[in-house]
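Worksheet for the structure shown next.
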Amino acid sequence: MTSICLLPLSACSNEPISTSIPEEVFTVRWLNYNGDVLEKDEGVPYGATPTYDGTTPKRESNLYKYTFNGWDPAISKVTSNIDYTATFLEEPLYVIPEPSHQSGFYSDSFELSFKNIDDFNVYYTLNYDVPSQTSTMYSEPILIKDKSLEENYFSLKENISSLDVFYPTVLLDKCTTLRVLYINKNDPSIFEYHTFTYFVNFNEKDGYDTLPIVSLSTEEKNLYDYETGIYVTGKIYDESPHEGYPETYPANYRQKGKEWERVSHLSYFNEDKQLEFEQEIGIRIHGDWSRAFAQKSFNLYARKEYDGNSKFKKAFFEGIKPHSLMLRAGGYRDTFYTKVRDTLAHDLSKDESFDVQLSKPG
């Protein structure tokens, strides 16, 4: 914007007046795979092609050899502030065990086996717990079946709300989560965790045809432990006064901050039911009064302390890989109705001159 100043006649002259508009400049950051800043270039002019002048990015591992393979996104002329993240080619240093079936949707039950286990012991769990050397050791194929035929368990949990809770009287849809630990037989310091998620016979179930599926796998204690579980009324509820509205009664699930964040494995299946990405993340309960509902919303956090990634691996909105996401159950006023009222309001307002939340159904 150019401003004009009116001067008294005695101050005027016949000399030409020179005006200039400051050149638009931006900041370019060069990040390692885990979000560490390798280089920060400030004052990069509009239209310039940025260059990285630092040492070659590195990624260390005792299981893989990583070779630098360029930047994401591809380097282009600067038009705004931008982050470039180092990418790497991955080459195994050992032959890692591999399951016969990867995470996904299957029409029938199957027996899962592992190959390449000469150098590794394989330990596993089917109850969401992180496996250890005290867990079941793989010695024969594992039957993966339609878990929906089993009795409800988590949906019947008590003490998850200060309100009346409706408990299902029919069997609910369920997936099977296999969590494994590979430990090198000669060097126990070489190990790796993996989580596999299986949806069996879901081709005959309603509601899974056109939407992406988000699967969260976390240990039962992270949600339901009396003292530290984030989904229950818990110890805080029992030891606190109950005043005002029941939705606001103190409870475990009303606590906030990093102390009430729990590690979880996320598997994201796209609309075609293909596994698009998976990642270790942090989860917290989201909301205000809606925290008291049986079906709660979650905030999801990508952190390099969990798996080396400070952003989600998928660019969900407009090419942006976010640091955090929300799995919204509908909010206080819409959980039991359309679940999309707030999303619709943001979408209708996206062309206005204020910020809105981007979203997609799931």
**Q.** Matching residues in the stretch 217-254 - criterion: being farther than 25 Å from Leu171 by Cα and part of a strand (DSSP E or B)
**A.** none
Q) From the list Asn299, Asn270, which residue is at pLDDT 95 or above, polar (S, T, N, Q) and surrounded by fewer than 20 Cβ atoms within 10 Å (Cβ to Cβ)? A) Asn299
Q.
Considering only the stretch 148-161, I want to know if a residue exists there that is in contact with a Pro (Cβ under 8 Å, 6 or more places away or on another chain) and closer than 28 Å to Lys58 by Cα.
A. no
(Q) I'm told Ala294 meets every condition in (1) surrounded by fewer than 21 Cβ atoms within 10 Å (Cβ to Cβ); (2) part of a loop (DSSP other than H, G, I, E, B); (3) modelled with pLDDT of 95 or more except one. Can you identify the failing condition by its number? (A) (3)
**Q.** Test result for Glu305, assigned to a helix (DSSP H, G or I), surrounded by fewer than 18 Cβ atoms within 10 Å (Cβ to Cβ) and charged (D, E, K, R)
**A.** yes
Q) So is Thr85 outside any strand (DSSP E or B), out of contact with any Phe, Trp or Tyr (no Cβ under 6 Å at 6 or more places or on another chain) and not assigned by TED's automatic domain parsing to the domain that holds Val122 or not? A) no
**Q.** Residue pairs meeting the criteria (Cβ under 8 Å; at least 6 apart or on separate chains; first surrounded by fewer than 17 Cβ atoms within 10 Å (Cβ to Cβ), in the stretch 223-236; second of a type in the set (Asp, Glu))
**A.** Lys235/Glu227
Q.
I'm trying to understand the selection: among the residues of the stretch 88-110, which are surrounded by fewer than 17 Cβ atoms within 10 Å (Cβ to Cβ) and under 30 Å from Pro50 (Cβ atoms)?
A. Leu89, Glu90, Glu91
Q: From (1) crowded, with 17+ Cβ neighbours inside 10 Å; (2) within 30 Å of Tyr84 (Cβ to Cβ); (3) modelled with pLDDT under 90, pick out the condition that doesn't hold for Ile320.
A: (1)
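The values are calculated or read from the model by the stated rules, or taken from the named source; none is laboratory data. Note that the structure is a prediction, hence the values are computed from the model and not measured. Cβ sites come from the backbone with ideal geometry, for glycine too, and all protein chains shown count toward neighbours.
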